[in-house]
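K.L.:
Got a structure here, written out as structure tokens. Questions coming.
No value in this document is a laboratory result; all are computed from the given coordinates. Keep in mind the model is a prediction, meaning the values are calculated, not measured. Cβ: placed from backbone, ideal geometry, glycine included. Neighbour counts: every protein chain shown.
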Amino acid sequence: MSVRLDHVQVSCPPGGEDVARAFYGEALGMTEVEKPELLKGRGGCWFKASSAEIHVGVEQDFRPAKKAHPAFAVENLDTLRQTLLRRGYPAVDDENLPGSRRFYSEDPWGNRLEFVARHIG
């Protein structure tokens, strides 16, 4: 059996789609993917970069995820860190994963996100 991750879903409050587009689309450089017609009525939006896909879903009683989080593999970690900092998002370095460099940030609603660059050797 072959298993691969298809997507990760994070939540946003109702009406958060434009903010999601600014963060995931503009700040992170992901491409918005059209949702299937049957799911459009639920709100939210989907984004993709390479094989990583994130679905931003609307949650009526929204609370940000502070522990569970997606981790994005990034080639230009320092460039992304600077982009996020310039836009007012946090970038907290973490050196507890041998063989990699990484930092944590948050999306506009406080959902935890990890960005990692792995080193070989």
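K.L.:
By how many nm would the segment from K66 to L97 grow when fully extended, if each residue of separation counts as 0.36 nm and the alpha-carbon distance is taken off?
P.N.:
9.3 nm
K.L.:
When you have a sec, figure out the Kirkwood radius of the range 37-86 from all distinct Cα pair distances and drop it here in Å to one decimal?
P.N.:
Evaluated on the range 37-86, it is 13.6 Å.
K.L.:
Post the alpha-carbon centroid distance, the range 31-45 to the range 63-121, in whole angstrom.
P.N.:
Centre-to-centre (Cα) distance: 26 Å.
K.L.:
Please give the charge dipole size of the chain, origin at the Cα centre, charges +1 on K and R Cβ atoms and -1 on D and E Cβ atoms. Round to the nearest 20 debye.
P.N.:
180
K.L.:
Let me ask something else about it. In vacuum, with every alpha carbon of the chain counted as one equal point scatterer, what does the Debye formula give for log10 I(q)/I(0) at q = 0.12, 0.18 Å⁻¹? Two decimals, please.
P.N.:
Scattering profile of the chain, log10 relative to I(0): -0.45, -0.99.
K.L.:
At 0.36 nm per residue, and after removing the present C-alpha to C-alpha distance, how many nm does the segment from R86 to A73 gain when stretched out fully?
P.N.:
Taking R86 through A73 to full extension adds about 2.6 nm, to one decimal.
K.L.:
In addition: With +1 on each Lys and Arg Cβ and -1 on each Asp and Glu Cβ, how big is the dipole of the range 1-67 about its Cα centre, in debye rounded to the nearest 20?
P.N.:
280
K.L.:
Quick one: work out the % antiparallel among DSSP beta bridges in the chain, nearest 5.
P.N.:
70
K.L.:
While we're here: Expressed as a rounded percentage, what relative contact order does the chain have, with Cα pairs under 8 Å and six or more residues apart?
P.N.:
Averaging sequence separation for qualifying contacts and normalising by length gives 25 percent for the chain.
K.L.:
Let me ask another. Which residue, chosen from V8, T83, H69, occupies the Cα position most advanced towards the positive end of the dipole of the chain, where the dipole is computed from +1 (Lys, Arg) and -1 (Asp, Glu) charges on Cβ about the Cα centre?
P.N.:
Highest projection toward the positive end goes to H69.
K.L.:
Give the whole-number value, in cubic angstrom per residue, of the convex hull volume spanned by the C-alpha atoms of the range 65-121.
P.N.:
75
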